[in-house]
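Asks: Below: one structure in structure tokens.
Laboratory data are not the source of any read-out in this text; all were calculated from the coordinates shown. Just so it is clear, the structure is predicted and the values come from calculations on it, not from any experiment. Here the Cβ positions follow ideal geometry from the backbone for every residue, glycine too, while neighbour counts run over all protein chains shown.
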Amino acid sequence: MSDSSSVGIVVPQTVHFSEPLPLKSGAVLPEYDLVYETYGALNADKSNAVLVCHALSGTHHLAGRYSADDKYPGWWDNLIGPGKPLDTNRFFVIGVNNLGGCHGSTGPKTLNPATGKPWGSAFPVVTVDDWVVSQTRLADRLGIRSFAAIIGGSLGGMQAMQWTLAYPDRVKNALVIAAAPNLTAQNMAFNEVARQAIITDPEFHAGDYYEHGVVPRRGLRIARMLGHITYLSDDAMGAKFGRKLKHDEVRYGFDVEFEMESYLRYQGDKFAETFDANTYLRMTRALDYFDPAAETGGDFSAVMAKAKADFLVISFTSDWRFSPGRSREIVKALLDNELTVSYAELTAAHGHDAFLMPDPHYHAVMRAYLENIEFGEAR
Amino acid sequence: MSLHTPAQAHTHFAQTASARRDFAAIARWIAPDAKVLDLGCGDGSLLGHLRDTLNVRGYGVERADANVLACVKNGVNVIQMDLEAGLSGFEAQSFDVVILSQTLQAMRNTEDIVLDMLRVGKEVIVTFPNFGYWKHRFQLINGNMPVSRDLPYQWYDTPNIHLCTISDFDNFCRDHKIRITERLVLTDGKPVGFMPNILGGLAMYRLGNDG
């Protein structure tokens, strides 16, 4: 299948870092790998690089396919490619799998060189701050002093914000989509239920299930089912499934009765096949712990004073897990610091998942913003 | 896009050359390098003009998707929100100038927005079509709702729900203890000094908090 707007066949790359990485928790990761993909070409003065940060279950595989008969492209293929809103004819786009992940970068299922066994429960808790530090090391390795833009949705948006705080001179534009300055108690509560589902699975074995030859599939499956409900809106689920029955009549039992149940079970099963439970625990904790305003006594405007980047903030009306109100808090903090910011509050039915959808207006706003980015050293 | 489509009525004002004849006059009231908030900023052309001519640091507020997109394209900072919800996202006295250009008459919470503008801005500029303009009066005497270059809508598709005359707005400011620091009345872009409430098509006010 040839498609001129696709980046085509892509190959992930792995880079090893032997310099220890001190983590926010106080733990130190002695050495690690990061797996990443790039699309487009880095220009001569290395000023056209764009980093795309992934969310909870994302990966470094943003766009393109691994082979001609690869069934699915990368997770943000609708945004990234030649002539697409994030135009790879113009930008050098990087996707990286975060530390603690399960798609190639060092994480709980990776062999710990010190023991020769998978890290498992011994893999430290990593934070958004730690990821950003690790991403700077990848940028250094690629010779990228500053990014034309850093883009992320949800947990990815938190990384984009963290970049502007920790490395204000290394990011010129931050595109923060469906994110929040921190998680609310309700939002963290969903994460806790998800983790409890995993941790109480008899096959979790305190996180060292690899050596038992099992995976806590039931827990991970329930965690994902719960997550899915919160990423969709009531309206979107209503439109997609309503009260549609799986069979012609009700059967008065506990097998799949409604189409919605079939969908959730399918999504849960698919996820449990490919994702690592220890990674899921750590990704949700990274979400919980993200709270840059903690260092300024809860004053988000005060902490955002560090940022120098220009911002595009986007939220979606039906997103109740990362509601528009939370994005407005980000915008307020940027305005209080007289930073350059635009904010689009997009009408969308798909809930939190809307940030991954190819809505024409959403993509037009992204395209318009990205087209106006001029290359050059970050201020 | 036709001016008379219902969709247009949902934007805060008509984005036309005629509706924006107040640009140059507004620019004369703004100091170079000022920090400006333009409420109902449309496609951002006023802010773009002020940026290019006066180097202002500007932010626009818009509700309509198409206008938000246009602002982003024009490189103008825009915050998508409904003005009717108020300006609680903006700190007190955080802008040198807050502008409400030809939007006042389309607001539901007219009184609240003017007072909120005076909270957020050290100075406020309000412009609106003068309903007391003789052409409007003449059409009304003839038995029809006025339609003019400044009021380019039919009664059934107009976004304008709080039309007022210059005299009405003077009274409003007096009753709310709002200081009028300058008033300019234009007809076809030219200043009107004589009987402005009859001969003026467009009213422009510079406002400050009294005391």
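Asks: With θ set to phi - 60°, apply the Karplus curve 6.51 cos²θ - 1.76 cosθ + 1.60 along region A:25-34 and write out the HN-Hα couplings as whole Hz, x wherever there is a Gly or Pro.
Replies: Running phi through 6.51 cos²θ - 1.76 cosθ + 1.60 with θ = phi - 60° gives 5, x, 5, 10, 8, x, 7, 6, 10, 10 Hz.
Asks: Give me the base-10 log of I(q)/I(0) for region A:1-151 at each q in 0.12 Å⁻¹, Debye formula, one uniform scatterer per Cα, rounded to two decimals.
Replies: The calculated log intensity ratios at q = 0.12 Å⁻¹ are -0.52.
Asks: Still on this structure: At q = 0.11, 0.16, 0.21 Å⁻¹, what is the log10 ratio I(q)/I(0) for region B:111-202, with the Debye formula run over Cα points and no solvent?
Replies: -0.35, -0.72, -1.12
Asks: Taking the alpha carbon gyration tensor of region A:149-213, what are the square roots of 5 times its eigenvalues, largest first, to the nearest whole Å?
Replies: Calculated on Cα positions only, the semi-axes equal 34, 16, 9 Å.
Asks: So what's the net charge close to A:Glu261: Lys and Arg +1, Asp and Glu -1, counting the other residues with Cβ under 10 Å from its Cβ?
Replies: Counting the neighbours of A:Glu261, the net charge comes to -1.
Asks: Could I ask something else about it? Counting only Cα atoms, I'd like the Rg/Rh figure for region A:42-122, Kirkwood definition for Rh.
Replies: When Rh is taken as the Kirkwood radius, the ratio is 1.09.
Asks: To check my understanding: the extent here is largest minus smallest coordinate of the Cα atoms along each principal axis. What are those three numbers for the protein assembly as shown, in Å, largest first?
Replies: Largest to smallest, the principal-axis extents are 92, 63, 51 Å.
Asks: Gap in Å between the Cα centre of region A:63-82 and the Cα centre of region A:340-365?
Replies: 21 Å
Asks: Equivalent ellipsoid semi-axes for chain B, as square roots of 5 times the alpha carbon gyration tensor eigenvalues: give them largest first, rounded to whole Å.
Replies: Its equivalent ellipsoid spans semi-axes of 25, 21, 16 Å.
Asks: Sort A:Arg65, B:Arg206, B:Arg179 so that the residue with the fewest other Cβ atoms within 10 Å of its own Cβ comes first and the one with the most comes last.
Replies: The most exposed by this proxy come first: B:Arg179, B:Arg206, A:Arg65.
Asks: Under 5 Å between amide H atoms, partner at least 5 residues away or on a different chain: which partners does A:Thr127 have, H built in plane at 1.01 Å?
Replies: For A:Thr127, the qualifying residues are A:Lys24.
Asks: Ok, one more. What order do you get for B:Arg57, A:Arg90 when you list them from fewest to most C-beta neighbours inside 10 Å?
Replies: Ranking B:Arg57, A:Arg90 by Cβ neighbours within 10 Å, fewest first, gives B:Arg57, A:Arg90.
Asks: What Kirkwood Rh does region A:199-325 have if only Cα atoms enter the pairwise 1/r average? Answer in Å.
Replies: Value: 18.1 Å, from the Cα pair sum.
Asks: Hey, another quick one. Any chance you could run the full-extension gain for B:Arg174 through B:Ser88? It's 0.36 nm times the residue separation minus the Cα-Cα distance, nm to one decimal.
Replies: 28.5 nm
Asks: On to the next question. How many nm separate the modelled label positions at A:Ser25 and A:Ala122, each set 7 Å beyond the Cα in the direction of the Cβ?
Replies: 1.4 nm
Asks: Grab the other residues whose beta carbon is less than 13 angstrom from that of A:Asn191, score K and R as +1, D and E as -1, and report the net.
Replies: +3
Asks: A further question on this structure: For a quick check, take a GNM of chain A with Cα springs below 10 Å and name the residue from A:Ala41, A:Ala223, A:Ala148 with the largest mean-square fluctuation.
Replies: Result for chain A, Cα springs under 10 Å: A:Ala41 fluctuates most.
Asks: Something else about it: Please turn the phi angles of region B:137-154 into ³J(HN,Hα) values with the Karplus equation 6.51 cos²θ - 1.76 cosθ + 1.60 (θ = phi - 60°), one per residue in order, whole Hz, x for glycine and proline.
Replies: My calculation for region B:137-154 gives 4, 5, 5, 5, 4, 6, x, 10, 5, x, 10, 8, 4, 7, 10, x, 10, 7 Hz in order.
Asks: Grab the other residues whose beta carbon is less than 13 angstrom from that of A:Arg321, score K and R as +1, D and E as -1, and report the net.
Replies: Around A:Arg321, the surrounding residues sum to -2.
Asks: Another question, if that's okay. Using Cα positions and a limit of under 25 Å, work out the lysines in reach of B:Lys135, with same-chain residues fewer than 8 apart set aside.
Replies: B:Lys135 reaches B:Lys190.
Asks: If you take every DSSP beta bridge fully contained in the protein assembly as shown, what fraction is antiparallel? Give it as a percent rounded to 5.
Replies: Here the share of antiparallel DSSP bridges comes out near 40 percent.
Asks: Using modelled amide H (1.01 Å from N, peptide plane; none on Pro or chain starts), what sits under 5 Å from the amide H of B:Gly58, excluding residues fewer than 5 places away?
Replies: Correct list: B:Val36.
Asks: Using label points projected 7 Å from each Cα along Cα→Cβ, tell me how many nm separate A:Asp299 and A:Thr115, to one decimal.
Replies: Result for the modelled spin labels: 4.4 nm.
Asks: Right, here's the next one. Hey, which of these cross-link pairs are over 20 Å Cα-Cα: A:Lys24/A:Lys172; A:Lys84/A:Lys308; A:Lys172/A:Lys306; B:Lys122/B:Lys177; A:Lys308/A:Lys332?
Replies: Too far apart for the 20 Å limit: A:Lys24/A:Lys172; A:Lys84/A:Lys308.
Asks: Which order do A:Ile177, B:Ile141 fall in if you start with the one that has the fewest other Cβ atoms within 10 Å?
Replies: Going from least to most buried by this count: B:Ile141, A:Ile177.
Asks: Given H placed 1.01 Å from N in the peptide plane, which residues other than close sequence neighbours of A:Leu175 have an amide H under 5 Å from its amide H?
Replies: HN-HN under 5 Å from A:Leu175: A:Ile150, A:Ile151, A:Gly152, A:Leu312.
Asks: Additional query: Taking every DSSP beta bridge with both residues inside chain B, roughly what % is antiparallel (nearest 5)?
Replies: 45 percent
Asks: Something else: When a/c is below 1.5 the answer is rounded, else prolate if a/b is larger than b/c, else oblate, so apply that to region A:252-379 with a ≥ b ≥ c taken from the square roots of the Cα gyration tensor eigenvalues.
Replies: Prolate shape, in that a/c is at least 1.5 and a/b is the bigger ratio.
Asks: Let me ask something else about it. Would you calculate a helix-derived [θ] at 222 nm for the protein assembly as shown, using -39,500 (n - 2.57) for each DSSP H run of n ≥ 4 and dividing by the full residue count, to the nearest 500?
Replies: Calculated from helices alone, the mean residue ellipticity at 222 nm is -9000 deg cm²/dmol.
Asks: Enumerate the calculated ³J(HN,Hα) couplings along region B:98-112 in order (Karplus 6.51 cos²θ - 1.76 cosθ + 1.60, θ = phi - 60°), each rounded to whole Hz, writing x wherever the residue is Gly or Pro.
Replies: Each residue of region B:98-112 in turn: 10, 10, 10, 9, 6, 10, 3, 6, 9, 7, 7, 9, 4, 4, 4 Hz.
Asks: At a threshold of 8 angstrom on Cα-Cα distance, excluding pairs fewer than six apart, so keeping six or more, what relative contact order does region A:63-131 reach in percent?
Replies: Over region A:63-131, the number comes to 16 percent.
Asks: Let me know the shape class of region B:154-211, please: from the alpha-carbon gyration tensor, a ≥ b ≥ c as square roots of the eigenvalues, rounded when a/c is under 1.5, otherwise prolate if a/b is greater than b/c, or oblate.
Replies: oblate
Asks: With the crude spin-label approximation of a point 7 Å out along Cα→Cβ, what separation in nm comes out for A:Ile199 versus A:Ala68?
Replies: 5.0 nm
Asks: Please state, rounded to one decimal and in Å, the Kirkwood hydrodynamic radius that region A:186-239 gives when every pair of distinct Cα atoms enters the mean of 1/r.
Replies: 12.1 Å
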